[in-house]
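The values are calculated or read from the model by the stated rules, or taken from the named source; none is laboratory data. For clarity, every value in this text was computed on a predicted model and none was experimentally measured. All Cβ positions, glycine included, derive from the backbone under ideal geometry; neighbour counts span all protein chains shown. When the accessible area is computed, the model is the full protein with side chains, heavy atoms only, and any ligands, DNA or RNA have been set aside. Shrake-Rupley method; radii C 1.70, N 1.55, O 1.52, S 1.80 Å.
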Amino acid sequence: MVRIRRFIAKRLKPLLEWLSEGEIEKLSARHDLKPRWPVPWIKARTGGSDDHGLLNVGRTWTEFAPDIDTPAKVLDALREGRCRPGGESGSSAKLAHTFYSVGVRYYSRHIMSPGMKANLTTLLLRAIVGEKPAPSKLQIARMALKGKLKRLAGNIIRPFSRKGREDDGTSLLKRLFLGSFKDRLGEHPALRKALEAGFGPLGEHEEMMGLINSVNRDVVQGLAAAIGKSVDAASFTGLFEGIAAILAQQFVLTPYYFSLFHQNKERHLLRQLTGQLAPVDEGGMKVGLFTDTLDEANGVGRFLRDMGEQAARLGRSLTIHTSSRSPRYEMAYRKNFAPLLTWPLPCYAELQVSCRRCWRFCSGPIGSSLM
């Protein structure tokens with residue numbers, strides 16, 4: 001995310017500074033459009049939080065010189081471009097966090113019935129977006145005990161019930177989410193500290209994205225195990241409920257999908273407008289290599305390790321991407337992504353097939369792509 005923000009600032013600023021009276025005249029003649037004000041090459045740059053989720057109030061602003069102390073002077077400064085943006089820049093993580101905030105607030109205020117008691121999942125979500133204080137440890141313990149007693153009662157009744165199934169899609173997803181959230185929260189001290197202090201983690205957008213990523217990985221693994229169990233037991237009901245839970249889980253991730261693509265779809269256009277396409281040569285070229293074998297004792301793995309070390313010695317930009325749950329070698333030129341799922345390769349049980357969704361962007365001299 002930081003790389004994306006720096007890219008926008010680096011590319012857009014030269015574009016505005018490139019404008020001059022002569023360039024405006026050329027653009028006017030080329031497109032047969034007349035400027036609408038006297039000095040169109042002067043562009044005022046302003047900043048604002050544009051906060052719809054009540055998470056970023058006052059975190060971005062427009063700065064003026066100390067002598068701009070009246071509304072009339074502010075308007076004059078804006079017209080003349082004597083101002084600049086200040087504070088935090090936008091990011092995909094921030095936008096997605098805002099979407100979650102709006103969604104949770106809408107659900108709690110307009111969909112939940114008046115007087116309806118929120119469950120533990122809803123309480124945690126409302127705390128994360130700052131809608132309500134975080135539940136106390138005593139509240140969490142009580143609700144967890146209540147849930148265990150409810151499941152115990154269900155286990156006793158299930159043999160006498162016609163439906164007799166372990167978990168429907170909703171309860172399975174909820175159980176996986178709560179278990180992972182409890183286990184993973186300790187890995188994000190900034191979020192934990194804010195919640196323990198009774199405040200929502202309003203500004204910890206990158207931490208929130210890291211938590212969602214970890215929880216997503218755990219939930220996917222749990223759903224895959226449940227589906228595998230249903231297949232082994234020839235349970236079509238469990239299979240379809242597992243698939244329904246996957247669809248619901250993917251829907252929950254929609255804010256991140258939308259934010260990543262929405263805020264980065266014009267990066268190529270910005271490069272073209274600024275004319276700052278880096279020359280593709282041996283020194284400036286960035287190479288990304290994706291492999292499923294780097295740690296293994298075989299010819300391919302040894303060749304790739306040698307190639308990475310040679311590139312490092314020559315000062316070339318080579319990144320070898322892998323997806324391994326427990327990488328054996330740590331190298332400066334390696335980028336490892338923890339897999340969502342792993343399973344033995346058929347006929348080669350010692351080899352693991354990894355499945356991974358990556359939310360990181362890699363930028364090269366001629367563009368970027370979502371891995």
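Residue check: residue 60 meets all listed conditions (1) open to solvent by less than 50 Å² (accessible area, probe 1.4 Å); (2) modelled with pLDDT under 80; (3) not small (Gly, Ala, Ser) but one, namely (2). Of all residues in region 301-327, count the ones that are open to solvent by 80 Å² or more (accessible area, probe 1.4 Å) and either under 20 Å from residue 353 (Cα atoms) or in contact with an Asp or Glu (Cβ under 8 Å, 6 or more places away or on another chain) (or both). Here the count works out to 4.
This table checks each residue for (1) at pLDDT below 85; (2) touching a Phe, Trp or Tyr at 6+ places or on another chain (Cβ under 9 Å).
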position	(1), (2)
85	no, yes
106	yes, no
119	yes, no
128	yes, yes
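Looking only at region 95-117, count how many residues are open to solvent by less than 30 Å² (accessible area, probe 1.4 Å) and either free of Cβ contacts under 8 Å to residues at least 12 places away in the same chain or in contact with a His (Cβ under 7 Å, 6 or more places away or on another chain) (or both). Here the count works out to 3. The set of residues from region 63-78 being surrounded by 12 or more Cβ atoms within 10 Å (Cβ to Cβ) and more than 21 Å from residue 50 (Cβ to Cβ) comprises 68, 73, 76. Quick one: in region 339-371, which of the residues that are part of a loop (DSSP other than H, G, I, E, B), closer than 27 Å to residue 253 by Cα and open to solvent by 40 Å² or more (accessible area, probe 1.4 Å) is modelled with the lowest pLDDT? The qualifying residue modelled with the lowest pLDDT is 371.
Just one of the numbered conditions (1) closer than 30 Å to residue 257 by Cα; (2) touching a Cys at 6+ places or on another chain (Cβ under 9 Å); (3) surrounded by 16 or more Cβ atoms within 10 Å (Cβ to Cβ) is not true of residue 46: (3).
Against the definition (assigned to a loop (DSSP other than H, G, I, E, B), open to solvent by 80 Å² or more (accessible area, probe 1.4 Å) and modelled with pLDDT of 85 or more), how does residue 297 come out, yes or no? When the stated conditions are applied, residue 297 does not pass them.
Is there a residue being farther than 17 Å from residue 124 by Cα, in contact with a Gly (Cβ under 7 Å, 6 or more places away or on another chain) and either modelled with pLDDT under 85 or in a helix (DSSP H, G or I) (or both) anywhere in region 189-201? Break it down into steps so the answer makes sense when it comes.
First pass over region 189-201, keeping only residues farther than 17 Å from residue 124 by Cα: none.
No.
Please verify whether residue 233 is under 15 Å from residue 171 (Cα atoms) and open to solvent by 20 Å² or more (accessible area, probe 1.4 Å), treating the condition exactly as stated.
no
So that you can scan it fast, the table gives a plain yes or no per residue for (1) touching a Phe, Trp or Tyr at 6+ places or on another chain (Cβ under 7 Å); (2) under 17 Å from residue 225 (Cβ atoms); (3) hydrophobic (A, V, I, L, M, F, W, C):
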site: 174; (1), (2), (3): no, yes, no
site: 179; (1), (2), (3): no, yes, no
site: 187; (1), (2), (3): no, no, no
site: 196; (1), (2), (3): no, no, no
site: 208; (1), (2), (3): no, no, yes
